[in-house]
Amino acid sequence: MISLDEVERDTRVLTHAEAGECLHNLGKCITLYEYAYLNLDASDRGLTDISMIASFKHVRYVNVSGNRLTSEALCALETIPYLQTLRADRNCLTSVELKPMPYLQELTLNWNKLTDTSGIRHKSLERLELNHNDIRTVNVDPQILVNLRILELRGNALISTAGICCPNLTRLFLAENQIEKIENLEVLVNLTTLHLRSNKLANLDGFTEQCRSLNYVNLRDNELPRISELKKLDCLPNLETLIVLGNPFLSEEKEEKEYRRIILTMLPKLKRIDKDLVLDQERNEAKVLLKKIQKNKSKFEDFDLRD
């Protein structure tokens, strides 16, 4: 039999009085004729029941991170009519599914127990953070998430970029997954920033000229064996910054002194490689090297630093 002490310890309900203490930022309501508290921060309280928050109809920002909430418990917030930001990091959520919330613009569910992305149906959503879960596949509806600009999926279990198909996305963070294959990037015509650090990429097939806005690519700590793979990024017309440290083709110190010049020969529009800006001297040396390659009818594969 469970003792009362155990029940009290296992169930932690947010009371009306405690919720009132969590309110701050007095401002105008949506009607503009009355004032109410717009923010509610009930983070790090060990809560299992937050249904009381739904009684505060005018809040626009809610933070319930660091509690013990299940997906069912989080659904209590679905009825808040004007909610714009919801933070529910570090809980026990197993599903992202909530009823459509028409004003919700930012949703963060980092450090939970999520395994997929099905059920996100908030048309105004602009930023979605699902970092450090156990998500293996991405399934979102681009017809619904038409306003999504920033998507963070760091530290999950993705093996591919497939399923990320929101055409208005501008920033995509996929570091610390198990990604081996780049797919469906042709849909992301507005993407400017792509973070793929600490994955398992051994080739760069999948990049396309349709990623015409992409100017920053981070490939640090992947498994690229040959520097000539970077030539495949030549299809990106606006690429300016490329991060490649920590790949096998840079494993020897003597090679690091020359790799920037070789990369510039393949990708002459770059303005920054790894930590440093491209110098005029480097750019001139790359031009000389390119002329030598053309004169000798060489291939970029001839400059691979490792077999």
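Across segment 154-176, what is the total count of residues that are buried (at least 18 other Cβ atoms within 10 Å of the Cβ) and charged (D, E, K, R)?
Within segment 154-176, residues that are buried (at least 18 other Cβ atoms within 10 Å of the Cβ) and charged (D, E, K, R) number 2.
Among the residues of segment 66-77, is there at least one that is surrounded by fewer than 22 Cβ atoms within 10 Å (Cβ to Cβ), at pLDDT 95 or above and within 15 Å of His16 (Cα to Cα)?
The answer is yes, given that some residue of segment 66-77 is surrounded by fewer than 22 Cβ atoms within 10 Å (Cβ to Cβ), at pLDDT 95 or above and within 15 Å of His16 (Cα to Cα).
Any residue that is on the phi > 0 side of the Ramachandran plot, in contact with a His (Cβ under 6 Å, 6 or more places away or on another chain) and either surrounded by fewer than 17 Cβ atoms within 10 Å (Cβ to Cβ) or of a type in the set (Phe, Trp, Tyr) (or both) - is there at least one of those in segment 99-121? Outline the logic, then answer.
From segment 99-121, those on the phi > 0 side of the Ramachandran plot are 111, 119; that's our starting set.
When the remaining residues are screened for being in contact with a His (Cβ under 6 Å, 6 or more places away or on another chain), the result is 111.
Applying the additional criterion that residues be either surrounded by fewer than 17 Cβ atoms within 10 Å (Cβ to Cβ) or of a type in the set (Phe, Trp, Tyr) (or both) yields 111.
Scanning segment 99-121 turns up at least one residue that is on the phi > 0 side of the Ramachandran plot, in contact with a His (Cβ under 6 Å, 6 or more places away or on another chain) and either surrounded by fewer than 17 Cβ atoms within 10 Å (Cβ to Cβ) or of a type in the set (Phe, Trp, Tyr) (or both).
Touching a strand residue (DSSP E or B) at 6+ places or on another chain (Cβ under 9 Å), buried (at least 19 other Cβ atoms within 10 Å of the Cβ), aliphatic (A, V, I, L, M) and at pLDDT 95 or above: which single residue out of Leu242, Leu224 fits that description?
Values: Leu224 fails: touching a strand residue (DSSP E or B) at 6+ places or on another chain (Cβ under 9 Å).
Result of the check over Leu242, Leu224: Leu242.
Just to be sure I understand the filter: pairs with C-beta atoms under 6 Å, separated by 6 or more residues or on different chains, first member in segment 121-145 and assigned to a loop (DSSP other than H, G, I, E, B), second member among the aromatic types (Phe, Trp, Tyr). Which pairs pass?
Sorted first by the residue in segment 121-145, then by its partner, the pairs are Ser124/Tyr103; His132/Trp111.
Given (1) at pLDDT 95 or above; (2) surrounded by 15 or more Cβ atoms within 10 Å (Cβ to Cβ); (3) within 21 Å of Asp89 (Cβ to Cβ), where does Val140 come up short, assuming only one miss?
Evaluating Val140 over (1) at pLDDT 95 or above; (2) surrounded by 15 or more Cβ atoms within 10 Å (Cβ to Cβ); (3) within 21 Å of Asp89 (Cβ to Cβ) leaves (1) as the failure.
Per-residue answers, yes or no, for (1) touching a strand residue (DSSP E or B) at 6+ places or on another chain (Cβ under 8 Å); (2) of a type in the set (S, T, N, Q):
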residue: Glu34; (1), (2): yes, no
residue: Ser43; (1), (2): yes, yes
residue: Arg60; (1), (2): yes, no
residue: Val64; (1), (2): yes, no
residue: Thr79; (1), (2): no, yes
residue: Asp89; (1), (2): yes, no
residue: Thr117; (1), (2): no, yes
residue: Glu126; (1), (2): yes, no
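Quick check on segment 24-49: of everything there that is modelled with pLDDT of 95 or more and under 18 Å from Pro81 (Cα atoms), which residue is surrounded by the most Cβ atoms within 10 Å (Cβ to Cβ)?
Leu40
Of all strands (runs of 3 or more DSSP E) completely enclosed by segment 25-110, which ones contain at least 2 residues that are of a type in the set (A, V, I, L, M, F, W, C)? Show your work before the answer.
On the way: elements: 35-41, 61-63, 85-87, 106-108.
Result: 35-41.
The values are calculated or read from the model by the stated rules, or taken from the named source; none is laboratory data. Just so you know, these numbers come straight off a predicted model, no measurement behind them. We place every Cβ from the backbone using ideal geometry, glycine too, and count neighbours over all the protein chains shown.
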